[in-house]
Amino acid sequence: MPLEPRPRMIRMGFTLTGTPEARGFELGWLGAPETKGKVVLLLVSKAELLPQEGFLLLLDRTYDHPYHKKLEGSYEIVWISISDTWTHAERDIFDFLSNSLPWYSVRRPWVLHSAVVNYIRQELDYKNVPLIVVLDSQGMVRKSNAMDMVFIWGATAYPFSTSKEKELWDEENWTLKLLLDEIDPLLTTWVEEGRNICIYGSDNLDWIREFNATCKVIRNAVVQLEMVYVGCKDLGEQGRRLLAIIDEELHRSSFSFTKLRFFWLRLESIRRSKLQLGQSIHSDDHILKEVSALLDTANEGWAIIGRGNTADIVKLSASEAIKWLDRFPEWEENVAKLGFVSALRAAIDPPPPPPLGPCNHSKVVPYAEGLTEKTVLCEKCTHPMKKNVVYE
């Protein structure tokens, strides 16, 4: 991604303020008055900044994010580079990046006062892993690391506080949108259009070919099913080779290798964000459990099939995916009535025999265009529900 050189170097005056329990920065911006009175994202890292994929994702989720323009003037990113040595090579890298990035950089970071460096290392727990410290308009620390917030929600996470993070999680569900949000414009469109999408991962080419052959039978039966290969968490150059084979032999891959890495960085950020908010993998947090399962078993082969931005999602292991999709002719007749994903779920976990009379369960959902034409299953007995329209 070419970057227009934008030298935005600043000198900063730091004063540590407050008690040890509520320490903050008082920032004196010299040469950058436009940062005064704004939320500041203090990006702390080595001179190398971030690995390539993380660097590109950070750009994508901030300055390239569609919501960024709406917030223009509300926050700024300021990069502080920290090093124990500051070799000539590190200074050259810093000079190159600081003159290429769209955000501000602290000029001559190698002369930062030791008290500031020690504060960043000790109070903000900087361990040579990049972090984003959120400072409010008064220069006080409001969040010690918002990197995962930025990777997950981008500019929509403004003002990047812990309370905003909790608010955003309260609005999220285990959906394709959560997994794929704005990683690729085409996938975003598919989700918005309510398409059936199959995300799958494996490093086993034989299984990938067998799985795609099974899915091709389903697609030939005039079932709309978009295929998205996401590889594995730690797939290196082999991932590039697999993407090339899939593009040539099986289907056009919606992900480039870089966007494939975006997907796994996003999952890792989702898990860290949940854990930092006090959740546990042993808790009943459904999103955390599902993401952890993907990250911990990524190389074993799996498939997630869902529809649009709904919670209508089925996750299958490599063997389960072949088994149940291979049996498509047995449950194909239910697709027209239930939809592809619900028909698949009903085949895997058949509903109990229908009750002798109405089950009397009810569910009120907000009106959405086309909703009255769809079949809604009872969450308790899994049978189709009778629809009634209620006016307020």
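Quick check on Tyr63: is it surrounded by 14 or more Cβ atoms within 10 Å (Cβ to Cβ) and modelled with pLDDT under 85? Talk me through it step by step, then tell me what you get.
Working: surrounded by 14 or more Cβ atoms within 10 Å (Cβ to Cβ): yes; modelled with pLDDT under 85: yes.
It is true that Tyr63 is surrounded by 14 or more Cβ atoms within 10 Å (Cβ to Cβ) and modelled with pLDDT under 85.
Given the conditions (1) closer than 17 Å to Asp148 by Cβ; (2) touching a Leu at 6+ places or on another chain (Cβ under 6 Å), and given that Gly306 satisfies all but one, which numbered condition is not satisfied?
(1)
Which of the residues that make up the stretch 98-116 are without any contact (Cβ under 8 Å) to a residue 60 or more places away in the chain and surrounded by 19 or more Cβ atoms within 10 Å (Cβ to Cβ)?
Passing the criteria: only Pro109.
Run Tyr229 past the list (1) closer than 30 Å to Lys38 by Cα; (2) at pLDDT 90 or above and report the number of the one that doesn't hold.
With (1) closer than 30 Å to Lys38 by Cα; (2) at pLDDT 90 or above applied to Tyr229, the lone miss is (1).
Return only the number of the condition from (1) under 12 Å from the mean Cα position of the chain (by Cα); (2) closer than 20 Å to Tyr63 by Cα; (3) surrounded by fewer than 19 Cβ atoms within 10 Å (Cβ to Cβ) that Pro159 does not satisfy.
(1)
With the stretch 246-336 as the region, which helices (runs of 4 or more DSSP H) entirely inside it contain at least 2 residues that are of a type in the set (A, V, I, L, M) and touching a residue at least 12 places away in the same chain (Cβ under 8 Å)? Write out each step before concluding.
Numbers: elements: 257-276, 286-296, 318-326, 328-331.
It comes to 257-276, 286-296, 318-326.
Say we look at the stretch 71-97 and pick out the residues that are among the charged types (D, E, K, R) and free of Cβ contacts under 8 Å to residues at least 24 places away in the same chain; which of these is farthest from Asp148 (Cα to Cα)?
First pass over the stretch 71-97, keeping only residues among the charged types (D, E, K, R): 72, 76, 84, 90-92, 95.
Within this subset, residues satisfying the condition of being free of Cβ contacts under 8 Å to residues at least 24 places away in the same chain are 72, 84, 92, 95.
Details: Glu72: 21, Asp84: 26, Asp92: 28, Asp95: 26 Å.
Among them, the one singled out is Asp92.
Could you list all residues from the stretch 154-203 that are among the acidic types (Asp, Glu) and in a loop (DSSP other than H, G, I, E, B)? Steps first, answer last, please.
We begin by selecting, within the stretch 154-203, every residue among the acidic types (Asp, Glu); these are 165, 167, 170-172, 181-182, 184, 192-193, 203.
Scanning the stretch 154-203 gives Glu171, Glu172, Asp181, Glu182, Asp184, Glu193, Asp203.
Picking from Ile93, Ile132, Ile120, which residue would you name as being surrounded by 15 or more Cβ atoms within 10 Å (Cβ to Cβ), assigned to a strand (DSSP E or B), under 32 Å from the mean Cα position of the chain (by Cα) and assigned by TED's automatic domain parsing to the domain that holds Leu59?
Details: Ile93 fails: assigned to a strand (DSSP E or B); Ile120 fails: assigned to a strand (DSSP E or B).
Of Ile93, Ile132, Ile120, the one residue that is surrounded by 15 or more Cβ atoms within 10 Å (Cβ to Cβ), assigned to a strand (DSSP E or B), under 32 Å from the mean Cα position of the chain (by Cα) and assigned by TED's automatic domain parsing to the domain that holds Leu59 is Ile132.
I'd like the residue in the stretch 259-292 that is within 21 Å of Leu50 (Cβ to Cβ), in contact with a helix residue (DSSP H, G or I) (Cβ under 6 Å, 6 or more places away or on another chain) and polar (S, T, N, Q) and, out of all such residues, is surrounded by the fewest Cβ atoms within 10 Å (Cβ to Cβ).
For the stretch 259-292, the residue satisfying everything is Ser269.
Report, by residue number, each residue of the stretch 27-49 that is at pLDDT 70 or above, closer than 25 Å to Trp86 by Cα and surrounded by fewer than 17 Cβ atoms within 10 Å (Cβ to Cβ).
Lys46, Glu48
The values are calculated or read from the model by the stated rules, or taken from the named source; none is laboratory data. What you are looking at is a predicted structure, and each value in this text was computed from that prediction instead of being measured. Please note: Cβ atoms are built from the backbone with ideal geometry, for glycine as well, and neighbour counts cover all protein chains shown.
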